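The values are calculated or read from the model by the stated rules, or taken from the named source; none is laboratory data. Computed from a prediction, not measured in an experiment: that's the story for all the values here. Here the Cβ positions follow ideal geometry from the backbone for every residue, glycine too, while neighbour counts run over all protein chains shown. Side chains are part of the model used for accessible areas, which takes the heavy atoms of the whole protein and leaves out ligands, DNA and RNA. Shrake-Rupley method; radii C 1.70, N 1.55, O 1.52, S 1.80 Å.
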Amino acid sequence: LVAGLRRDLGLMNDLITQFLDFSKGLDDTRPTEIDLRALMTEKAADFESDKLDVRITGCEGPCPYFTDRFALERLLDNLLENAARYGDGKPIEIHLRCDEQAIAISISDRGPGTPADQVEAVFRPFVRLESARSGTTGGSGLGLAIARQLALRHGWTIELLPREGGGTIARTGLP
């Protein structure tokens, strides 16, 4: 009983923290130059420590970019958490494109995917798809809403695309 109450309190605390982040919009921007390749490597290591297979493809060398590191990390963490939560335990792929034409980060999973008619809805606060409402997957329905808010605030793009062979690609474009 006590363990269950502690777990529930932890989940409520996470939900409150996410909601506060969402409501204040993370307005404190602190732009700095970061290496996107190094950041992707750090993120992959974080999720691999949770026994997930995370693969990085694309840009092999440094990819310098001037932005608010905290905001970008928060966006990427939310996308990676979704891929881990709904990816059926299959490998997650992070693809970094860093060239003269574009800088983009794609996070791909092999989960059930997002129905085309629900893509916009999942970016709204507290919206979860029926398949995501199970007690085992958890989640508050705020991760993608926060990711979209951060993208809008910083002039980034964010989109969810179907992945060939099943799954979802969450792509973030950086200007």
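In whole Hz and in residue order, list the ³J(HN,Hα) couplings for the stretch 75-82 that follow from phi through the Karplus curve 6.51 cos²θ - 1.76 cosθ + 1.60, θ = phi - 60°; x for Gly and Pro.
My calculation for the stretch 75-82 gives 4, 5, 4, 4, 5, 5, 4, 5 Hz in order.
What FRET efficiency, computed as 1/(1 + (r/R0)^6) with R0 = 22 Å and r the Cβ-Cβ distance, is obtained for residue 101 and residue 161, rounded to the nearest 0.05?
So, using R0 = 22 Å, E works out to roughly 0.75.
In the neighborhood of residue 54, defined by Cβ-to-Cβ distances under 10 Å, what is the net charge if each Lys or Arg adds +1 and each Asp or Glu adds -1?
-3
At a probe size of 1.4 Å, how large is the accessible area of residue 97, to the nearest 10 Å²?
Accessible surface of residue 97 is approximately 100 Å².
For residue 66 and residue 12, FRET efficiency with R0 = 25 Å and r from the beta-carbon atoms, rounded to 0.05?
Approximately 0.10, to the nearest 0.05.
Apply the Karplus curve 6.51 cos²θ - 1.76 cosθ + 1.60, θ = phi - 60°, to the phi angles in the stretch 157-170 and return the couplings in whole Hz, x for Gly and Pro.
Values, residue by residue: 10, 9, 8, 10, 10, x, 9, 4, x, x, x, 10, 10, 9 Hz.
Would you mind checking which residues have amide H under 5 Å from residue 53's amide H? H placed 1.01 Å from N; only 5 or more apart, or other chain.
HN-HN under 5 Å from residue 53: 92.
Looking at the stretch 46-135, which chymotrypsin sites (Phe, Trp or Tyr not before Pro) are in a loop (DSSP not H, G, I, E or B) and have at most 14 other Cβ atoms within 10 Å?
Loop-located and lightly packed - 126.
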